[in-house]
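Q: Handing you a structure now.
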Amino acid sequence: MPYSQPLSASTFRLLFESTPHPYLILRCEPNFTIVAVNDRYLAATGRTRSAIVGCGLFEVFPDNPGDLSGSGVSDLRASLQRVMRDRVPDTMGIQKYDIPRAGGTAEGFEVRYWSPVNTPVFSPDGNLLYIIHNVEDITDFILSREGALRIKNVEQRAQRMEAEILHRATEVKEANRKLKTAMEELEHRETELTQFNERLRELDHAKTEFFSNVSHEFRTPLTLMLGPIEDLLEHNSSLPASDRENLLKIAHRNALRLLKLVNTLLDFSRIEAGRARPVWQATDLAAYTAELASNFESVCDWAGLAFVVDCQPLPQPVEVDRDMWEKNNPEPPFQCLQIHFRGTYRGPFARGR
């Protein structure tokens, strides 16, 4: 015969405690007072039956004050209120609901993840009496999954870093190659520059030799020409005065000037080496400049041009190197037909006394 004797309260208690899942029995009221709890739930939360039975659910399990984003209390309260309103079970998603560590809140909270189901319990006449709060502790699963995700993220970051390092290494290698090419090109240019400078020194030496040789060649005929002219000027009185003034003196003066220029060519090496030293002489600079300019008077006469030299007298002599003044003072352009000299000259070959 089938067994039909009603189950005793102790039997129901035995069944309640034998279930493999954590259970709470809550009274349907605003505080959701805990009226019963099985051992599985106590083991999962680290609490004792005497400490929680008769207390409000959220008094025993408040939100973690250290987790500003925590919403365990509000989410669970909303689920319980839906059960009371809709009178049907409510399955919640995975909830992060930290619980106080054993010994009180002074020791902080322990991170926990739960999978809750809230089921209504009705009386025979259909009144809602209790809510069974069933949870599964899935903390280990969530933390292990998060750890795996962290490991995966670390591996992905490591792979990105490795790719970046390889990319940078390629860039460095390419930069080193370009640098090596540039250095080789620079060495090639330096070799060419050295050869070019050597060639310039050879050309400079050849130029100096040329000037020296040509100058010596000029000196010989000039010296031979100046001797007879000076003899005619000093000892031959039978020459007409006009010839002596217009021909011999002009030829003599310009031959002397040409000889000075030839001597300058001979001093070319000394001047280039920076060993030239001015010889200062007190000079009536206006008269001396007019004298230099008069060398062009005969050329202007032959060309039918009017040649005017306008050099105002200076209040005092000026110390100049006369040879350098003659060489560096610009020759008057014929199209100007005038030389103007006013004030005190302060160039590199003159100084005031």
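Q: Where residues in segment 243-300 are modelled with pLDDT of 75 or more and among the acidic types (D, E), which of them is nearest to the chain's Cα centre (by Cα)?
A: Across segment 243-300, the extreme among qualifying residues is D284.
Let's see how each residue does on (1) farther than 25 Å from V35 by Cα; (2) surrounded by 15 or more Cβ atoms within 10 Å (Cβ to Cβ); (3) touching a residue at least 60 places away in the same chain (Cβ under 8 Å):
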position	(1), (2), (3)
G70	yes, yes, no
P100	no, yes, no
T119	no, yes, no
P124	no, no, no
Q156	yes, no, no
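Q: Would you check if there is a residue in segment 77-89 being closer than 24 Å to S18 by Cα and either surrounded by 13 or more Cβ atoms within 10 Å (Cβ to Cβ) or in contact (Cβ under 8 Å) with a residue 12 or more places away in the chain (or both)?
A: Yes: segment 77-89 contains one or more residues that are closer than 24 Å to S18 by Cα and either surrounded by 13 or more Cβ atoms within 10 Å (Cβ to Cβ) or in contact (Cβ under 8 Å) with a residue 12 or more places away in the chain (or both).
Q: Being within 18 Å of R13 (Cα to Cα) and acidic (D, E) is true for just one of D67, D39. Which residue is that?
A: The unique qualifying residue is D39.
Q: Could you please give the count of residues in segment 279-293 that are touching a residue at least 12 places away in the same chain (Cβ under 8 Å) and assigned to a helix (DSSP H, G or I)?
A: Adding up the residues that qualify gives 8.
Q: Taking R177 as the residue in question, decide whether it is within 30 Å of S71 (Cβ to Cβ) and outside the structural domain of L26 (by TED's automatic domain parsing).
A: Spelling it out, it is not the case that R177 is within 30 Å of S71 (Cβ to Cβ) and outside the structural domain of L26 (by TED's automatic domain parsing).
Q: Here's another thing I want to ask about it. Could you list, in sequence order, the residues of segment 50-95 that are part of a loop (DSSP other than H, G, I, E, B) and closer than 24 Å to N127 by Cβ?
A: Within segment 50-95, V53, G54, C55, R87, V88, P89 meet the criteria.
Q: Next question. Could you check how many residues of segment 28-49 are surrounded by fewer than 16 Cβ atoms within 10 Å (Cβ to Cβ), touching a helix residue (DSSP H, G or I) at 6+ places or on another chain (Cβ under 9 Å) and in a loop (DSSP other than H, G, I, E, B)?
A: Summing the residues that are surrounded by fewer than 16 Cβ atoms within 10 Å (Cβ to Cβ), touching a helix residue (DSSP H, G or I) at 6+ places or on another chain (Cβ under 9 Å) and in a loop (DSSP other than H, G, I, E, B) in segment 28-49 gives 2.
Q: Take the residues in segment 100-126 that are in a loop (DSSP other than H, G, I, E, B), at pLDDT below 85 and of a type outside the set (A, V, I, L, M, F, W, C), then tell me which one is nearest to I25 (Cα to Cα).
A: R112
Q: Another question about this same structure. Going through segment 17-27 one residue at a time, which ones are in a loop (DSSP other than H, G, I, E, B) and either at pLDDT 90 or above or crowded, with 18+ Cβ neighbours inside 10 Å (or both)?
A: Scanning segment 17-27 gives a single hit, P22.
The values are calculated or read from the model by the stated rules, or taken from the named source; none is laboratory data. Note that the coordinates shown come from a computational prediction; the quantities given were computed from them, not determined experimentally. We place every Cβ from the backbone using ideal geometry, glycine too, and count neighbours over all the protein chains shown.
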